[in-house]
Amino acid sequence: GLFVWRLRNTGVRQIPYRFVHLYHIANDRLITFQYFNFLKRMYVTQYNKDLSQRAKPMSDSVVSPFHELQQLDQEKKVVRKISPVSPVHQSWSETSSRNELREIKSAAETEDSVIPVGAKSKEDRQWKEMKLRLDDFPGILARLSKIKLTALVVSTASAGFAMAPVPFELTCFLLASLGTGLASCAANSINQFFEVPFDSNMNRTKNRPLVRGQISPLLAVCFAASCGVPGIALLTLGVNPLTGALGAFNIFLYTCCYTPLKRMSIANTWVGAVVGAIPPIMGWTAATGSLDAGALLLGGILYSWQFPHFNALSWGLREDYSRGGYCMMSVTHPGLCRRVALRHCLALIGLSTVAPVLDITTWTFPIVSLPINLYISYLGFRFYRDADRSSSRKLFFCSLWHLPMLLLVMFTCKKSLLEKEDKGDLQGRSRERAMEIRLP
């Protein structure tokens, strides 16, 4: 037992010395901790091949056509003519010089004759400055001024002029139509000028002239000024100041109120409806020079008609409007969009009934216009119930022919001047008789 105890004590005492000895040996042989890790990894990779890292072969990626064209441009093949073998009796200097001249000529010919494969397509892909041609200029200005919308505005103003209870004057009618059209062109051009960054995100408006760069912003503003100033001056001086004031107010309302509200609140739809209701009022004031109940009735009909028309149109363009950043009822309040469309379809029936009460049309107008008003109300109900693209498309296309049909029926049922004069004479005679009876 004493012998074992002695061995243990001596072994415990020698442990620190052994560690120091091993440390010196490791330093002498340059064995480090990193070296041990390296030996460990070598052991693992040699005896456990499944654990070794293997480089995966890269998959052949689909090369784009543009990259292929670049490779073809880099790997141009130049065909060179092989010079004929010179005769034996000619000297080496003469043959070498002739061969060099032939090679230079052949290289020049091949460089002139060889056409790169993707040269044309590469040029087409590069950015180019778009040049404005005189032949394209009228079409660009027509799209800048939204010529179809301008034609609709002029037609509604003409309807208001025709419904006025005064004799028809051709000169005043032409001046009012021309001034209204110029004011509409100016408002639409300014609207496109402000909405270039937003129109570029929408499929419906990405091909507009300012978005594509077919016309400069300065030229668009100059065109708007050259239309707006003469248009308002023509309405003010050629027609009457009231019509000119309404035209200037409509331009301000469309460009400074409706345009920024499209990205702020859904109230833009109601403001836009007011903008569309002013042209028939302008036609009425151009003919009469006063703002009567008949003008307000025509404005109310146009005001209500725009809700089923625009709400049905915006329903199919919800993705575009949300991508462009516009705050529309169809995007943020879809239920309200359908309810408002149905509500104003029914309002058209009530407004048609008010027309004979205000002594603008005969009582046949609400009866004749009832079928088309009921039909658009039925489509508005379908749109409210189904809420799909099919019902919205049907309501939109119905609104395109409903308005001209309603205005035409209203014009045919208009009360003639003779009837109003006879009625006025009868009322005057009845008043005279009443005065005579009252007199002693």
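The values are calculated or read from the model by the stated rules, or taken from the named source; none is laboratory data. Keep in mind that what you see is a predicted model, and the values were worked out from it rather than measured. Cβ sites come from the backbone with ideal geometry, for glycine too, and all protein chains shown count toward neighbours. Remember, those area values only see protein heavy atoms, side chains included, never the ligands or the DNA or RNA. Shrake-Rupley method; radii C 1.70, N 1.55, O 1.52, S 1.80 Å.
Rg/Rh for the range 311-416 stands at 1.08; both radii use Cα atoms, and Rh follows the Kirkwood definition. Counting protein heavy atoms only, the range 287-417 has 67 percent of its accessible area on carbon and sulfur, 1.4 angstrom probe. Highest mean packing first, where packing is the average number of other Cβ atoms within 10 Å per residue, the peptides 273-281, 373-381 line up as 273-281, 373-381.
The order of LYS146, LYS394 by accessible area, most exposed first and with a 1.4 Å probe, is LYS394, LYS146.
For the range 156-311, rounded, prolate or oblate, judged on the Cα gyration tensor with a ≥ b ≥ c (square roots of eigenvalues), a/c < 1.5 rounded, else prolate if a/b > b/c? Because a/c hits 1.5 or more and a/b fails to exceed b/c, the range 156-311 counts as oblate.
Once the 1.4 Å probe is applied to the protein heavy atoms, the range 235-367 comes out at 36 Å² accessible per residue.
The 1.4 Å probe gives accessible areas that order GLU169, GLU195, largest first, as GLU169, GLU195. Note on ALA225 and PHE194: the model spin-label points, each 7 Å out from Cα along the C-beta direction, lie 1.8 nm apart.
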